[in-house]
Structures are given as C-alpha cells and as structure tokens.
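The values are calculated or read from the model by the stated rules, or taken from the named source; none is laboratory data. Here the structure is a predicted model, which means the values were calculated and not measured. All Cβ positions, even for glycine, are placed from backbone atoms using ideal geometry, and neighbour counts span all protein chains on display. Each accessible area value is taken on the protein alone, full model and side chains, heavy atoms only, with ligands, DNA and RNA left out. Shrake-Rupley method; radii C 1.70, N 1.55, O 1.52, S 1.80 Å.
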Amino acid sequence: MIDNLKCQLHEAGFDLCHPIHTSWYNDLIRDEGHVDRGTLKTLPVPPASITDEDGRQCNAVLIGNTKHIWPLFIQWLVAKVEQAKAEGNISDDEALDRIVQIGPFDTFVEESLSRVMQSCCAIKKSCEVFWSNGKRNKTHALVGSSTAKEYHCFIESDDKDSSFLVSMQRVAKITGKYWHDEAGTRLCVHPIYGTWTAFRAVVVFEADGNEQSPSTPPIMCPCPVSNNEIEQAKDMMNYAIMMSASEEHGYGAQTGKTWPDLCKFLHGTVCSGSAWEKVPETMKPWIKLRDCITNGREEWKYDDAQLLYHYTKDPELLRNALSKLRK
C-alpha cells in the first residue's frame, strides 16, 4: 500500500512521503510541554496498519515536496486557465486573474492530495488529513457493492472542529530523517535536501484488520550542518527581524510574534516579487535564510520562480511562467 501511495504522490508532485506513528509525535509534544500549555494538540492514535522501510509499525504518513512540485503546479495552472477561458469566453490574463483570487498553489496542493487520498481510500477505507495550514478533513470510502468491491469516496469536513494545527517540523523530526534547526533557520534540515523541502499534510489512516502495536520511533537525525552555518543563520535571522521592525504594517508588525504566527504571515502575504530586485528589502533576508545552509543548495534549491512565489505570492510570476510555455 505504501509503495502505491508513494508512486501516486510522486506523480502528483509530492516526492516526500514518510510513514510515522502518531504516538511518536504525541510523546514529543507532551515532553516539550505543548500539550499542557495548550499550544499543540495530540493527533489521533489508531492502531498501526502500515510499515515503514525498516519494518516499523506506523499509522500515518507525512507528505511533502522538494522542487519537484513546481513544474506539475504550472501544468495544473495551464489546464485551469484553459478551463476558465472555455467556460467564460475570456482572455488568458482575465482567466489567470480569476484563478489568482482562489490562492492557486494552495488549491493545487489540496486538490491533488485529496485526489490521491480518495484513490487510496479504496484500500484503507478511511483517513484523516491534517493540513499544514491548520485545516483537517476526513476521506471515507462507501462500499457500493460488497461483491464487486466498488468504493465511492467522499470528503467530510466538520467546520466546528476543522482547525487543528500540527507542527510539521516536529513531525518531520520524529521520522528520523530531518534535523530541526531551532536556533538558526527554524527550519527542518535534511542531510541531502537541506532546507529545500516543504511539508503539506499528515494523513492518519483508519486501522484495518491487521492491528499491531507501534514500534520504537527512529533515532533522531543528528545535526548535519556545521556550527559556522548555524551561527550564520542566527545572524541572518536577527538581521531579518531587525529589517522587519522598520515596517509598521508589514513584516515589522510581526516583531515579537510567535514562530507559527510569523510563518503564517510570511507565507500568506502578497507583495511584489516577480524579480529579485523587486522584492522588498525587508523580505529579502527571510528568503536568504535558507541559503545559510549548504546542504542541498546546489542540487535541490528551488528555481527563482518557485522560491520568489513561495514568499511573495506575486501573480506576475505565474503570468511569466505561462508566457514561457507559450513561446
């Protein structure tokens, strides 16, 4: 099941899929005091029903991506523009303007992942998705015919209980494949990919008939970077905060905020960024922060369009990407 899931996810743009047991995450946030303080909540703990590559019993997966996702997102965007043009008899620019209003990248992520999980439901019957933006929903399979084993999947979202923030960095940490740089970049660092990854969701599977107890969690990933790079990252972080403090309504308004609040602001703000020289000076240090870590920088760094869009959400970047495809 895991091999099939990884294959489908990779085709959809999500080339990171790590099996975990939710009890590992729950133990970590309890030990750190987050549960007692109410800053984080524990995930559901259904019986283990899948295994990781080392044979550990797991009940969930962490899903993310490297730079692999960007070309697939652009292909999706092209299809959406063509669909909007056909439905509304409008120009390319008008179609793109409409799509930009819905938050195209987040929409692509949710649509693509949901489609894969609905396909997976025919095997696992039910799963719950905890998105990196704090949303949660369930995907169920309804048996249409017990003899033919036909399944019809649907997504359930309870608005009263749809907000559930999961610390994706801590989930990544308990996979044993990432080191969490809490002092410098505040990002997860992979020995190969470096800082050039993004985590999209944790998917918790309903247990099937083969219930087993959770295994011992993997050994935590040791720090894969030098002390010098960590110190450089600290300096860049301090510089970014100092530069931000000069803006009353922009990044400066985030001074003193918690890291989750700052992340939400950094990745939810739209500003000029179609080229590096157009990026606000107060934002440039936040973008440069990832470059302080040399792991993965040569091979896995996002290209300019992906990197700038990740931070600025400037629709001009999408317009430029579409123009390149038409040439």
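Search region 172-231 for residues being farther than 26 Å from L308 by Cβ and of a type in the set (A, V, I, L, M), and hand back the single one that is most open to solvent (accessible area, probe 1.4 Å).
Selected residue: I219.
Scanning region 27-60 for residues that are of a type in the set (V, I, T), assigned to a loop (DSSP other than H, G, I, E, B) and closer than 18 Å to E128 by Cα, which turns out most open to solvent (accessible area, probe 1.4 Å)?
V45
Which one of the conditions (1) within 23 Å of A207 (Cβ to Cβ); (2) modelled with pLDDT under 85 does S163 fail to meet, given that it meets all the rest?
(1)
Could you tell me which numbered condition W24 fails, if it satisfies all but one of (1) outside any loop (DSSP other than H, G, I, E, B); (2) open to solvent by less than 10 Å² (accessible area, probe 1.4 Å); (3) among the hydrophobic types (A, V, I, L, M, F, W, C); (4) under 19 Å from E206 (Cβ atoms)?
(2)
Condition first: crowded, with 18+ Cβ neighbours inside 10 Å, over 17 Å from M168 (Cα atoms), modelled with pLDDT under 95 and over 22 Å from the mean Cα position of the chain (by Cα). Can you find one or more residues in region 4-11 that meet it?
For region 4-11, residues crowded, with 18+ Cβ neighbours inside 10 Å, over 17 Å from M168 (Cα atoms), modelled with pLDDT under 95 and over 22 Å from the mean Cα position of the chain (by Cα): absent.
I'd like to check something: does region 54-76 contain any residue that is within 30 Å of L322 (Cβ to Cβ), aromatic (F, W, Y) and without any contact (Cβ under 8 Å) to a residue 60 or more places away in the chain? Outline the logic, then answer.
Of region 54-76, the ones within 30 Å of L322 (Cβ to Cβ) are 63-76.
Keeping just the survivors that are aromatic (F, W, Y) gives 70, 73, 76.
Next, only the ones that are without any contact (Cβ under 8 Å) to a residue 60 or more places away in the chain stay: 76.
Looking for residues that are within 30 Å of L322 (Cβ to Cβ), aromatic (F, W, Y) and without any contact (Cβ under 8 Å) to a residue 60 or more places away in the chain, one finds at least one in region 54-76, hence yes.
Listed here are the residues, each with its yes/no results for (1) open to solvent by 10 Å² or more (accessible area, probe 1.4 Å); (2) touching a Lys or Arg at 6+ places or on another chain (Cβ under 8 Å); (3) closer than 22 Å to F199 by Cβ; (4) not charged (D, E, K, R).
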residue: E87; (1), (2), (3), (4): yes, no, no, no
residue: V100; (1), (2), (3), (4): yes, no, no, yes
residue: E111; (1), (2), (3), (4): yes, no, yes, no
residue: S114; (1), (2), (3), (4): yes, no, yes, yes
residue: S132; (1), (2), (3), (4): yes, yes, yes, yes
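Considering each of Y309, Y302 in turn, give the residue that is at pLDDT 80 or above, under 20 Å from the mean Cα position of the chain (by Cα) and assigned to a loop (DSSP other than H, G, I, E, B).
Y302
Identify, please: which residue in region 312-327 is assigned to a helix (DSSP H, G or I), of a type outside the set (S, T, Y) and free of Cβ contacts under 8 Å to residues at least 12 places away in the same chain and is, among those, nearest to C223 (Cα to Cα)?
K324
Spot the failing condition for V129; the list is (1) over 14 Å from the mean Cα position of the chain (by Cα); (2) modelled with pLDDT of 50 or more; (3) aliphatic (A, V, I, L, M), and only one is missed.
(1)
Name the pairs whose Cβ atoms lie under 6 Å apart, with the first residue in region 1-20 and more than 14 Å from R200 (Cβ to Cβ), the second surrounded by 16 or more Cβ atoms within 10 Å (Cβ to Cβ) and among the small types (G, A, S), and 6 or more positions between them or separate chains?
As it stands, the answer is I20/A60, since those pairs meet every condition given.
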